[in-house]
Amino acid sequence: MLDTSVSSSSYMARYMSLQSLEGETIFSWYSGDGEPQVADRWGGRVRRVTGHGLGGGTVNVSAVRETDAGLYRCRVTFPNRTPPARNNGTFYYLDVDGGNLIVTPPMNVTVLEGERAELECLPKSPEWNVQWYREGTPIEALPELALRSELAINGSLLLRHTVSTDLGEYECRISAPDGQMQSASAFLDVQYKAKVVYSPKERYLPYGKSASLDCHFSANPPLTNLRWEKDGFLFDPYNVLGVFYSRNGSLLFNRVDESHEGVYSCTPYNSLGSEGPSAGVRVRVQRPPALTARPQPLYLVRLGATVTLPCTVTIEPYYALPAIRWRKKDGSELPEGRYSLMEGNLTITNVQEDDRGVYLCTVSNEADEVTVETELLIENVPPRAPYNLTALASFDSIHLSWVPGHNGLDVEYNVWYRERAESEWRTMKILSRGVTDATLVGLRPGADYELRVLSQDHIGDGLFSKPIFVRTLDPELGEDESETVFVAAATESATSAGAAGSASVAAADAELAVSVRLIEEGALVRWSRAPGDPARCTLRWYDASEPEHRLLATVSTLQDYILVSEVEEGASYWAGVQCAGALGGAALRVPEYTRLRGVAIGSAAAALLLAALAAALCLVRRRLRSHSHDKRTR
């Protein structure tokens, strides 16, 4: 930047010039004329700058070249005084650093569309490689531009026929054989007449609402005027009530009505002129979609239920039915396979936890779209109870596992356990989510324990699992002689294993004699086995009250008997025992003690009543006899 200060003007005009030492006038201007004169070699690279602290003769030199180095002088003359010049001026020496590879860098170029454009880039050596880029992309990688461009011998980029899309920044990169590289950039400005780039054939405007009609144009230099026509006549918004111009020339309708229908066209202008008007746009006025039934703001449903969210539109004659679309506000998909649409109403069946959220119903036609929203909440349902509890006991610990019965939520578990002879429960919380097993330690050997699992989530406690009864190993008997019990607390199909009461017996190598006897403590299952037989026997305890036996428990032992403590009145059971290759089974029917007790009590009451009646009759007869004897005595 070269700076020269001029004192406050006491003269009508002054002439300033920037000259090289050889006397070439590079840049000059009159103080009363705003258009400076620039030498051809410096065109586009020298301009005046003004600002705080800068003199009136300050200029900026861009795209500095190595040949620009030298001595410069700024002079001021006063043409309206005598003598017109005086010995003044400021000298500047411009030194160009760098050991540049580029002798002549490119500078900004402005051309009209369709004209030829040249961007210079002269290397110090003609053998060095010259590469051109547009917006960071090699020219040869842009097919539409590569067909109209060529690289000159001196390294310049030539565009034979420019189009409006050629506007942008171009970069020249020169590489030397020793690996050095230098780049310089310039901007190509392609100017053209204002023109329409897009024009729809038809536009629908919503009746009773505000709307706009746009003119899609492109202009360089910028737009200076925009002309609208309606039905072939000039349309001046200033003379039409409720219609205005926007800053970009669009028409703004404050409240659309039928009078705004018609065929519109626009013609853009800039300082170079116009390419012509747009094609006619048929404007139609249509009422926006209206809802006859809309969803409530909130729906609260329970899991597994069916819910319908209404969204019904008003049918307008002579117009197509509006489009209706349902979606979730968070972007997730509607439940696949569990939803249906009928006349705009959304129905969701078998509601799940993931269905909660905000739903949007969008109704649209050519004129406008209307969106309503509703929220679906799921009732606070506690998690389901765990099931299929199984346990493996040792001397002082029990390893418990189960199948989760949760509702798709993050569920935690608490294991509740106690000795059957005690009433106090102890608990162990499972700290990690998703864990479905636990080991209870510090238990008493040879003791019977009752275990349950409680599920919990953010809503609160769920349901307890069915109880499971396990006995720890007895150290006095030794591990081989103790009973190891695996108990299932949930149902298990017996189509394969449960048929042991019949089919398995027939398929066994030897039949095992099994007996089941009901005692006060439960059901005692016994079987015959040879003395000293080391084989472990397995008892499978089934509920035989169903058509297909349901497995209730599995017990393994080295003894020839097992006591099943959990039996219910009126239930039927089947005991299947397997010892090595021998199979056997027996059935048990538990009487309904409550009914029998009621019959017994009823019978006793009847007997007491009859005895009381008999005693009363005897007493009456005695009184009658005594009374007759007294009469005879008199």
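The values are calculated or read from the model by the stated rules, or taken from the named source; none is laboratory data. Quick caveat, the model's predicted, so the values are computed rather than measured. Note that each Cβ is placed from the backbone with ideal geometry, even for glycine, and that neighbours are counted across all protein chains shown. Heads up: the accessible areas ignore ligands, DNA and RNA and are worked out on the full protein's heavy atoms, side chains in. Shrake-Rupley method; radii C 1.70, N 1.55, O 1.52, S 1.80 Å.
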Under 5 Å, built H, 5+ apart or other chain: amide partners of TYR72: TYR92, TYR93, LEU94
Average accessible area per residue (Å²) across region 231-389 - probe 1.4 Å, nucleic acids and ligands excluded: 58 Å²
Give me D for region 79-219 in µm² s⁻¹, whole number, from Stokes-Einstein with Rh from the Kirkwood sum over alpha-carbon pairs, 25 °C and 0.890 mPa s. 128 µm²/s
Might you work out the accessible area of CYS579 for me, using a 1.4 Å probe with all protein chains in place, and round it to the nearest 10 Å²? 10 Å²
In whole percent, how big is the carbon plus sulfur part of the accessible area of region 299-454, probe 1.4 Å, protein atoms only? 49 percent
Quote to one decimal, in nm, the extra length available between SER250 and ALA176 on full extension: 0.36 nm per residue of separation minus the C-alpha distance between them. 21.2 nm
Using alpha-carbon positions, what is the distance between the centroids of region 264-299 and region 172-235, in Å? 20 Å
Quick one: how many Å² of ASP533 are accessible to a 1.4 Å probe, rounded to 10? 60 Å²
Specify, per residue and in Å³, the volume enclosed by the convex hull of the alpha carbon atoms belonging to region 236-391. 220 Å³
Return the FRET efficiency for the residue pair GLU169, ARG327: r is the Cβ-Cβ distance, R0 is 35 Å, and the value is rounded to the nearest 0.05. 0.25
Accessible surface of GLU261 in the full protein assembly, 1.4 angstrom probe, to the nearest 10 Å²? 80 Å²
Given H placed 1.01 Å from N in the peptide plane, which residues other than close sequence neighbours of ASP474 have an amide H under 5 Å from its amide H? GLY446, GLU483
Residue span ARG517 to GLU419: 0.36 nm per residue of separation minus Cα-Cα distance leaves a gain in nm of 32.7 nm
Whole-Hz couplings from phi, Karplus 6.51/-1.76/1.60, listed for region 147-155; x for Gly and Pro: 5, 10, 10, 8, 9, 6, 5, 7, x
Two-site FRET efficiency, ASP437 against ASP396, from Cβ-Cβ distance with R₀ of 25 Å, rounded to 0.05: 0.90
Could you work out the relative contact order of region 155-234, using alpha carbon pairs under 8 angstrom and six or more residues apart, expressed as a whole percent? 24 percent
Taking only C-alpha pairs under 8 Å that are 6+ residues apart, what is the relative contact order of region 409-476 in percent? 35 percent
For region 113-155, the Debye formula with one identical point scatterer on each Cα and no solvent gives log10 I(q)/I(0) at q = 0.20 Å⁻¹ as -0.73
At 7 Å along Cα-to-Cβ for each site, give me the label-to-label distance between LEU563 and GLU24 in nm. 12.1 nm
Mind checking the full-extension length gain between GLU66 and ASP189? Use 0.36 nm per residue of separation minus the Cα-Cα distance, one decimal, nm. 41.8 nm
I need to check one value: relative contact order of region 181-322, counting alpha carbon pairs closer than 8 Å and at least 6 residues apart, in percent. 28 percent
